[in-house]
Structure formats: structure tokens, C-alpha cells
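Comments concern the structure below.
Quick note: the coordinates plus some simple rules give every number you see, no bench work behind them. Computed from a predicted model, the values in this text were never measured in an experiment. Ideal geometry is used to build each Cβ from the backbone, glycine not excepted, and the neighbour counts take in all protein chains shown.
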Amino acid sequence: MKLKVCGMKSAANILEVASLLPDYMGFIFWEKSPRFFSGEIPQLPQLVKKVGVFVDASEAEILEKTRRYGLHAVQLHGNESPEFCSQIKKQGLSVIKAFSVDETFGFGILDSYEPYCAFFLFDTKGKSPGGNGIAFDWELLRKYGLKTPFFISGGIGPESAKALSNLDLPIYAIDINSRFEIKPGLKDADAIKRFKDDLK
Ligand SMILES: O=C(O)c1ccccc1N[C@@H]1O[C@H](COP(=O)(O)O)[C@@H](O)[C@H]1O
């Protein structure tokens, strides 16, 4: 399973976490987040892909941030439509479309997104569009029947590695964020290292 560490902020912490070689590192470009990123991203190891996280941002903003930061993929974490995802894909970008899941989530909505998304990401439905720190019932993902690979996120913590490894679901990647923080945006590299080792 691949690993994404999201919500990075300071250069020193970015480099510390990048040295663990997560597959993806996420930078949040939503101003209301305590993890809002506005600095410079230091040079990362080539194996670590940079993901920009956006919430109902304009196409122009997504393109500007993609070019400025050399993003490898964009995670659309708001109410972006399939048409919007299509526009972003046409610009040559890899789209990770996030969906907020609870027991009422209708997986049928994904059909219209599938042609335009490289990945889906399933997060917990909560007060904020993301970063709520609460897990959803992963058993709900048994209703997922499409081919697009997916990330699982939402309240994944240090204790979740064993359960996720034993889950008989085709998870492409695990996305960790607020449950691995010393304070918003500052990640606990030791806890991430232990989690990464436990996932194997
Ligand atoms: O972390 C945030 O502040 C955030 C804000 C707006 C959109 C997405 C955000 N983070 C993403 O939320 C999920 C779940 O995070 P958590 O583990 O529950 O803290 C994760 O994919 C982050 O990329």
C-alpha cells in the first residue's frame, strides 16, 4: 500500500518527513485550514510526489499552484463537478477526487467522475471539508465496485496500521494527516516511521 502524508507546512519538517520516503506528500491550499500552505517547498527526493489539496478553487488557481510548486497531482476536496474534473484533466493534471463518506453515501455518484479521475479518495464526512481527524466505517467501502484506485483517509492514526493491513479491500494508498501531528501542520516523523513500518 502506498502512503501519503498530508498537511505539511515548515521546510524542516517537510524534509524530515520526506526522508522517510512516503509515496506522496500533500500541501493544503485552502486558506481556512490550520494547515494552509504558503511557503516554498524544499527540494524533495524524486520518489516523493507532491499533491496540492484544493477546496472549490478556480481552475486558474489550481494551474498557478501546480506550475509554481511542480505538483504531480491535485486533490479536489470540495464540491467539484465531473465537468470541472474533466477541465483539470484536460490541462494534463492527475486528479484525485475526494468524497466525504458516511452511511448515506451513494457510490453511484462516482460513475460520472470515473473518466476524469486518476484516483478517488474517501474521507469522513464532517464539519470541515477535510482534516476532521475522525474515521468512517471502512466496511462501507465494500460497496465500491469500480476500477479507479482509491486512497483511504479520515482520522487514520498510529493504531490503525494493523487493521488497515488486514482489511481485505483493494486500497491503493493510505492518507495520514491530523492524527500524526504535534500541532496543526507539524508532523511527528517518529510516529510516521513506526506507522510506515507497521504497514508492511
Ligand atoms: O487537513 C485539512 O485541514 C484539510 C482541509 C481541507 C481539505 C482537506 C484537508 N485535509 C485532508 O483531509 C483528509 C483527512 O484528514 P484527517 O486524517 O482526518 O486529519 C486528508 O485526506 C487530508 O488530505
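Values computed for the structure shown
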read-out	value
Looking only at region 144-200, and only at residues there that are in contact with an Asp or Glu (Cβ under 6 Å, 6 or more places away or on another chain) and among the β-branched types (Val, Ile, Thr), the one that is farthest from TYR24 (Cα to Cα)	ILE182
Hits in region 23-48 (condition: within 15 Å of the ligand (Cβ to nearest atom), out of contact with any helix residue (DSSP H, G or I) (no Cβ under 6 Å at 6 or more places or on another chain) and either among the polar types (S, T, N, Q) or closer than 18 Å to LEU121 by Cα (or both))	ASP23, TYR24, MET25, GLY26, PHE27, ILE28, TRP30, SER33, SER38
Within region 87-114, considering residues that are among the basic types (Lys, Arg) and over 14 Å from the mean Cα position of the chain (by Cα), the one farthest from the ligand (Cβ to nearest atom)	LYS90
Residues of region 149-200 that turn out to be touching a residue at least 40 places away in the same chain (Cβ under 8 Å), closer than 16 Å to ILE134 by Cβ and in a loop (DSSP other than H, G, I, E, B), as a count	4
Of the criteria (1) closer than 21 Å to HIS77 by Cα; (2) crowded, with 20+ Cβ neighbours inside 10 Å, which one ALA161 fails	(1)
Matching residues in region 115-149 - criterion: being more than 8 Å from the ligand (Cβ to nearest atom), touching a Phe, Trp or Tyr at 6+ places or on another chain (Cβ under 8 Å) and either charged (D, E, K, R) or within 25 Å of PRO184 (Cα to Cα) (or both)	PHE120, PHE122, LYS125, PHE136, LYS143
Output for region 93-143, where each listed residue is touching an Asp or Glu at 6+ places or on another chain (Cβ under 7 Å) and small (Gly, Ala, Ser)	ALA98, SER100, GLY130
Checklist (1) part of a loop (DSSP other than H, G, I, E, B); (2) surrounded by 13 or more Cβ atoms within 10 Å (Cβ to Cβ); (3) more than 14 Å from the ligand (Cβ to nearest atom) applied to PHE84, failing item	(1)
Residue match in region 138-152 (condition: in contact with a strand residue (DSSP E or B) (Cβ under 8 Å, 6 or more places away or on another chain) and closer than 15 Å to CYS6 by Cα)	yes
Of the criteria (1) closer than 17 Å to CYS6 by Cβ; (2) charged (D, E, K, R); (3) part of a loop (DSSP other than H, G, I, E, B), which one GLU103 fails	(1)
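Table: residues versus (1) acidic (Asp, Glu); (2) part of a loop (DSSP other than H, G, I, E, B); (3) within 14 Å of the ligand (Cβ to nearest atom).
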{"position": "LEU15", "(1), (2), (3)": "no, no, no"}
{"position": "LEU20", "(1), (2), (3)": "no, yes, no"}
{"position": "LYS50", "(1), (2), (3)": "no, no, yes"}
{"position": "GLY78", "(1), (2), (3)": "no, yes, yes"}
